[in-house]
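A quick write-up on the structure given underneath.
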Amino acid sequence: MDRLKGKVVIITGAASGMGLAGAQLFAKEGAKVVATDVVVDVLEEKVNEIVANGGDALAIQLDVSQPDSWHTVIEKTLEKYGKVDVLVNNAGIHIPKGILEAELDDWNKVMSINTTGVWLGMKAVIPHMQKNGGGSIVNTSSIAAIVGGFGDGHGAAYSASKGAVRALTKHAAQWFGEGNIRVNSVHPGAIFTGMVEKAGIKTQEEMGTHYEGRSALKPYAGEALDIANAYLYLASDESKYVTGLELVVDGGWTTRS
Ligand SMILES: NC(=O)c1ccc[n+]([C@@H]2O[C@H](COP(=O)([O-])OP(=O)(O)OC[C@H]3O[C@@H](n4cnc5c(N)ncnc54)[C@H](O)[C@@H]3O)[C@@H](O)[C@H]2O)c1
C-alpha cells in the first residue's frame, strides 16, 4: 500500500490510458500525485475521483511540447508539495502514416510531443531533483523503438520518436547517475487504452484478435494497469540500483523470432 509513501510524482498524459492507471495506482501507494494532461476537463474529473477515494492529487494542464507549460507545472508542484521525486513522461500520440504518407506537419507533431516533450520534462525537473538529492524519471517508449512492422502501427515518426526516447533515456541515466537521478524507459507492446479506442477497437480482447500470435501471452494485448505496475516499480525505491533499463512489457512480442 505504501510503496510511494511521501513521494511527489508528476505524471503526464494522466487523463487516459496508462497515465490515468498510473496516477490512480500511485495515489493508492501513498504518493502525492501531480496529474497533468493537455485535456484538462477529463483530467480534473479523474483527479476528483482519486481525491474522493482518499488519494492526494492535483490536476494541472500541461502541453508537454511547450516549455512555458512545464514551468507552470513545476511552479504549482513546488507551491503545493515543495519538491519533485518522480517524473513519468507518459504522454504520447500516434499518427499511423509511414515514410511515404507522412507530411512534415505529421512528423513534427509526433516528434514535438513524443520526443521533445520528454526532453523538456527532464530539463524541467532535473535541477529540482539535484537540489533534493536524487529522483527517478520514467520515460515511456514502445516496442516500436526495438522492432518494426505491426509493433509500430505503421507510424514512421512514431518509431523514430520512441527510438529517440530510448537513446535519450540512456544518455540521461549516464549523465545524472552521479546525482542519484535514475532514468529508465518502459516499452509497452500492444496495450488496450484510449489511444486504441480512438482507432475504433472496443475491448482488450478485440485488440488481441488483431495481434494473435505476435505475443507469447494471451489475450495478445495488455491492459493499462500492466504498464502502471512497471511505472510503479521504477518510480519506487525498490528499483534504487536500476538505471538506463529498457523495461519491456509486451507479453513476449519482441522475444519471438
Ligand atoms: N497503447 C499502446 O498500445 C502503446 C504501445 C506502446 C507505447 N505506448 C505509449 O504509451 C503512452 C501512453 O499512451 P496510451 O496508450 O495510454 O494513450 P492515451 O491516448 O490513452 O493517453 C495519452 C494521453 O496523453 C495526452 N496527451 C496527448 N498530447 C499531449 C500533450 N501535448 N501534452 C500532454 N498530454 C498529451 C492525451 O490527452 C491522453 O490523455 C504513450 O507515450 C504511447 O505512445 C502506447
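Read-outs throughout are calculated quantities, based only on the coordinates presented, and are distinct from any laboratory measurement. None of these values were measured; they are calculated from a predicted model. Every residue, glycine among them, receives a Cβ derived from its backbone with ideal geometry; neighbour counts consider all protein chains shown.
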- Residues whose built amide H sits under 5 Å from the amide H of residue 249, excluding neighbours closer than 5 in sequence, are 187, 189
- Using the Karplus curve 6.51 cos²θ - 1.76 cosθ + 1.60 with θ = phi - 60°, work out ³J(HN,Hα) for each residue of region 156-163 in order, rounded to whole Hz, and write x for Gly and Pro. 5, 5, 4, 4, 5, 5, 6, x
- Peptide ranges 54-65, 184-195 listed from the most packed, as the mean C-beta count within 10 angstrom indicates: 184-195, 54-65
- Would you please give the residues with an amide H less than 5 Å from that of residue 88, counting only those at least 5 places away or on a separate chain, with H modeled from the backbone geometry? 10, 11, 12, 138
- Item | Of 7/28; 5/240; 7/46; 5/46; 83/131, pairs whose Cα-Cα distance is over 18 Å | 7/46; 5/46
- Message: List the residues, sorted by chain then number, that are 5 or more residues from residue 135 or on another chain and whose placed amide H is less than 5 Å from its amide H.
- Response: 181, 182
- Divide the volume of the convex hull of the Cα atoms of the chain by its number of residues and quote the answer in cubic angstrom per residue. 123 Å³
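Kindly identify region 5-83 as rounded, prolate or oblate by the Cα gyration tensor criterion: order the square roots of the eigenvalues as a ≥ b ≥ c, call it rounded if a/c is under 1.5, otherwise compare a/b with b/c, prolate if a/b is larger, else oblate. Walk me through the numbers before you get to the answer.
On the way: a/c = 1.83, a/b = 1.21, b/c = 1.51.
Judged from the Cα gyration tensor, region 5-83 comes out oblate (a/c at least 1.5, b/c at or above a/b).
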- So, by mean Cβ neighbours within 10 angstrom, what's the order for 12-21, 110-119 with the highest one leading? 12-21, 110-119
- Task: Would you mind calculating the relative contact order of region 8-252 from Cα pairs under 8 angstrom and at least 6 residues apart, reporting the percent as a whole number?
- Result: 19 percent
- Cα extents of region 86-134 per principal axis, largest first, Å, are 47, 15, 11
